[in-house]
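Novice: Once you've had a glance at the structure underneath, I'll fire off some questions.
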C-alpha cells in the first residue's frame, strides 16, 4: 500500500496498513532545522508524509506589493487589506465592502485566472499516483467575512441578513469554480480551511450557522465531490455545537479537533467515527512548541491508542507545523507514529 492508497483508505473510514501522516503546512524553519538545505518536496519525502501539498495557506505571497512597507500591509486579489506576518496566512485588516452599496459594484476575482492552480501541475507531475495530492480551498465563511470585516459580517447576521446571503453568493461565485479547477488540475483531497470557532465556541450561534453557512458549505462539498475529490473540513476551535451540521454537509473527514479547545478526539471517534474520518490532533501549541520530546511521544502514542482502532484516522498536528514548533518535537511525533502506527493485518484493531 503506497501513501496515496493509505490516505484514501483512511478517508473511506477503512484500515490501511498503518495510520497515515498528513500536514497541510510545514514552516521552512522547522524543515531547515531537520534537513538543512532541503526544499518542501525533499523534506516531504524524507519525513514520510503521505500527502503532498502546496505548503502554504490559500493566500499566496507571490507578487505582493505593499501599501505600507513598515506595517507589511498589502491588498489581496479580493481587495482585502492584509498584514503579512511571519506565518503562512496574512491577517485580514480591512475589507472593501463598507456598505451594501459597495457590494453592488464589487467584482470578485476571476476563478479562471492562472494563479488559482499555480503550483499544482508541478506537484501532479512529481507525485501523481504516489501520494495524496492536497490543497486548501474555501467554503462559505472566510472570504465573505473578510470582504466585510469579520465583526461586521457576524453582526450582519442579526442586523442585515440579506447582505450576508449576498456576500456569500458573491464569494462563492469565485470559490466554487476555483475549488473545481484545482480538482481538475489534479488535487485529490481538498481541505476547506475556513475556521468557524475559537477555543471556547463557534463564532456564531448554531441557528445562524444553519441559516447562513451550512447551505454554502453543502454546495462546496457537493461540487467538490462531483468533481472527483475527497473533502476534509478543517476548522480550529470548539465546534461541538455545530459538528452535526458539518457532518450533515457530507464531508469525508474532520480536522484538526484542537485539544486546547476541548475537542476530545476519543469521544468524537466513538460518537462519529462511523460517519466521518478524523485527522488530528497533536497539540501544536504547548505540546509541540514547548514540551519535551518524551511528552510528545507519550501523547502521540495515547492519541494513536484512542483514535486509530478500526481505521478512519490520519495523524496530524492540531493546525500546522508552524515556526514555533520545536523540530525535535515534530520528529518525536513522527517517530512515534512509525513505531506504533501499524495495524495488525485484518485485525480491526488500532495501532499499538
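Novice: Subtracting the Cα-Cα distance from 0.36 nm times the residue separation, let me have the gained length for residue 91 to residue 151 in nm, one decimal.
Specialist: Details: separation 60, 0.36 × 60 = 21.60 nm, distance 1.41 nm.
Gain in length upon complete extension: 20.2 nm.
Novice: Two decimals, Cα atoms only, Kirkwood Rh: what is Rg/Rh over the range 75-195? Each step should come with its number before you reach the end.
Specialist: On the way: Rg = 15.8 Å, Rh = 15.5 Å.
When Rh is taken as the Kirkwood radius, the ratio is 1.02.
Novice: Another question, then. Take residue 1 and residue 70, extend 7 Å from each Cα along the Cα→Cβ direction, and tell me the distance between the two endpoints in nm.
Specialist: 5.7
Novice: State, to one decimal in nm, how far the label point of residue 345 lies from the label point of residue 158, with both points 7 Å from Cα in the Cβ direction.
Specialist: The modelled label-to-label distance comes out at 6.1 nm.
Novice: Quick check: residue separation of residue 298 and residue 226 times 0.36 nm, minus the Cα distance between them. What number comes out in nm? Mind showing how you got there, number by number?
Specialist: Working: separation 72, 0.36 × 72 = 25.92 nm, distance 4.08 nm.
21.8 nm is the gain from fully extending residue 298 to residue 226.
Novice: Still on this structure, please answer the following. Could you put 282, 120 in order, starting from the residue whose Cβ has the fewest other Cβ atoms within 10 Å?
Specialist: 120, 282
Novice: If each of residue 77 and residue 184 carries a label point 7 Å out from its Cα toward its Cβ, how far apart are those two points in nm?
Specialist: 1.5
Novice: So what are the range 143-205's ellipsoid semi-axes, whole angstrom, largest first, if each one is the square root of 5 times an eigenvalue of the alpha-carbon gyration tensor? Before the final figure, lay out each step's value.
Specialist: Values: eigenvalues 131, 52, 11 Å².
Largest first, the range 143-205 gives 26, 16, 7 Å.
Novice: What do you get for Rg/Rh over the range 100-156 if you use C-alpha atoms and the Kirkwood form of Rh?
Specialist: 1.15
Novice: Within the chain, what percent of beta bridges assigned by DSSP are antiparallel, to the nearest 5?
Specialist: Roughly 30 percent of the beta bridges in the chain run antiparallel, per DSSP.
Novice: What FRET efficiency, computed as 1/(1 + (r/R0)^6) with R0 = 35 Å and r the Cβ-Cβ distance, is obtained for residue 105 and residue 128, rounded to the nearest 0.05?
Specialist: The calculated FRET efficiency here is 0.25.
Novice: Let me ask something else about it. Quickly estimate the mean residue ellipticity at 222 nm for the chain, helices only: each DSSP H run with n ≥ 4 gives -39500 (n - 2.57), and the total goes over all residues, rounded to 500.
Specialist: -11500 deg cm²/dmol
Novice: Compute the Rg to Rh ratio over the range 165-324 from the alpha carbon atoms, using the Kirkwood formula for Rh, and round to two decimal places.
Specialist: 0.98
Novice: Between residue 324 and residue 275, what is the FRET efficiency for a Förster distance of 51 Å, r being their Cβ-Cβ separation, to the nearest 0.05?
Specialist: E between residue 324 and residue 275, to the nearest 0.05, is 0.90.
Novice: Can you give me the angle between helix 293-307 and the longest principal axis of the chain, using Cα atoms only, in degrees from 0 to 90, rounded to the nearest 10?
Specialist: The angle comes out at about 80 degrees.
Novice: Provide 150, 333, 1 in ascending order of the number of other Cβ atoms located within 10 Å of each residue's Cβ, fewest first.
Specialist: 1, 150, 333
Novice: Would you mind ranking 34, 257 by Cβ crowding within 10 Å, fewest neighbours first?
Specialist: Listed from fewest to most nearby Cβ atoms, that is 34, 257.
Novice: For helix 161-184, report the angle its Cα long axis makes with the longest principal axis of the Cα atoms of the chain; keep it between 0 and 90° and round to the nearest 10°.
Specialist: Orientation of helix 161-184: about 50 degrees from the principal axis.
Here, each number is a calculation from the coordinates, and none is a lab measurement. If you're wondering where the values come from, they're calculated on a predicted model, not measured in any experiment. Note: ideal-geometry Cβ built from the backbone for every residue, glycine included; neighbour counts use all protein chains shown.
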